[in-house]
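Accompanying notes for the structure given below.
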Amino acid sequence: MTARGFNRLQEELKHLKTVERPNVIKAIAEAREHGDLSENAEYHAARERQSFIEGRVMELEDKISRAEVIDPSKLSGNAVKFGASVTLADEDTDEEVTYQIVGQDESDIKQGLISITSPLARALIAKTVGDMVEVTTPGGSKSYEIVGIDFK
């Protein structure tokens, strides 16, 4: 993953541990004060939220511990690889769009970040400027020409 994605995971983990976890503990304590736990909806909701938070904390700790952080600015070459920003020209409309290939946890199509596991990214890997790429999308098949590759 990129350093930006790694930092986002660390920030989320810190938020869960320092804000969300203490809040849910308070909510459970308050709900216990209301008496009978078997019919206490607040208590059950707080316990469910605690379970979600603890599961997400474990997931984030695992991902962070196994993460391999790659700095795209230190990469070079003329072929598309992880971290590259690729400018594509749509064969039908000649409209240009730029995507950066990133890890699954940091992908966000609205920001131009596509997952390395996406069909488009898989089709782009190892291609060079001038190559044509055909990708099957939910809306049908699309053809693109690679017009630029940048490592920033």
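Evaluate the range 1-8: report whether one residue or more is outside any helix (DSSP H, G or I), in contact (Cβ under 8 Å) with a residue 40 or more places away in the chain and either within 25 Å of Gln111 (Cβ to Cβ) or not assigned by TED's automatic domain parsing to the domain that holds Asp108 (or both). Lay out the reasoning, then the answer.
To start, the set of residues in the range 1-8 that are outside any helix (DSSP H, G or I) comprises 1-2.
Now drop any that are not in contact (Cβ under 8 Å) with a residue 40 or more places away in the chain, which leaves 1-2.
With the extra rule that they be either within 25 Å of Gln111 (Cβ to Cβ) or not assigned by TED's automatic domain parsing to the domain that holds Asp108 (or both), the set shrinks to 1-2.
Checked against the condition, which is being outside any helix (DSSP H, G or I), in contact (Cβ under 8 Å) with a residue 40 or more places away in the chain and either within 25 Å of Gln111 (Cβ to Cβ) or not assigned by TED's automatic domain parsing to the domain that holds Asp108 (or both), the range 1-8 yields at least one hit.
For every residue, the table says whether it meets (1) surrounded by 13 or more Cβ atoms within 10 Å (Cβ to Cβ); (2) modelled with pLDDT of 90 or more.
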| residue | (1), (2) |
| --- | --- |
| Gly77 | no, no |
| Lys81 | yes, no |
| Ala121 | yes, yes |
| Lys152 | no, no |
Leading residue by the ranking (surrounded by the most Cβ atoms within 10 Å (Cβ to Cβ)) among those in the range 28-43 that are in a helix (DSSP H, G or I) and in contact with a helix residue (DSSP H, G or I) (Cβ under 8 Å, 6 or more places away or on another chain): Tyr43
Residue check for Ala89: aliphatic (A, V, I, L, M), assigned by TED's automatic domain parsing to the domain that holds Asn23 and outside any loop (DSSP other than H, G, I, E, B): no
Which residue pairs have Cβ atoms closer than 9 Å, lie 6 or more positions apart in sequence or on different chains, and pair a first residue in the range 36-54 that is without any contact (Cβ under 8 Å) to a residue 60 or more places away in the chain with a second residue that is outside any helix (DSSP H, G or I)? Asn40/His34; Glu42/His34; Tyr43/His34
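With respect to Ser107, is the statement that it is closer than 23 Å to Arg4 by Cβ, buried (at least 18 other Cβ atoms within 10 Å of the Cβ) and without any contact (Cβ under 8 Å) to a residue 12 or more places away in the chain true?
Yes.
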Kindly indicate the residue of the range 44-75 that is outside any helix (DSSP H, G or I) and not charged (D, E, K, R) and also modelled with the lowest pLDDT among those meeting that condition. Leu75
Residues of the range 124-150 satisfying the condition of being over 19 Å from the mean Cα position of the chain (by Cα) and outside any strand (DSSP E or B): Ala126, Lys127, Val129, Gly130, Asp131, Pro138, Gly139
Within the range 32-52, does at least one residue satisfy the condition of being more than 18 Å from the chain's Cα centre (by Cα) and within 30 Å of Ile125 (Cβ to Cβ)? no
Which residue pairs have Cβ atoms closer than 7 Å, lie 6 or more positions apart in sequence or on different chains, and pair a first residue in the range 111-135 that is touching a residue at least 40 places away in the same chain (Cβ under 8 Å) with a second residue that is surrounded by 13 or more Cβ atoms within 10 Å (Cβ to Cβ) and in a helix (DSSP H, G or I)? Val133/Ala123; Val133/Leu124
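The values are calculated or read from the model by the stated rules, or taken from the named source; none is laboratory data. This one's a predicted model, so the numbers in the text were calculated from it and none came from an experiment. Quick reminder, even Gly has a Cβ in these numbers, built from the backbone with ideal geometry, and neighbours come from all protein chains shown.
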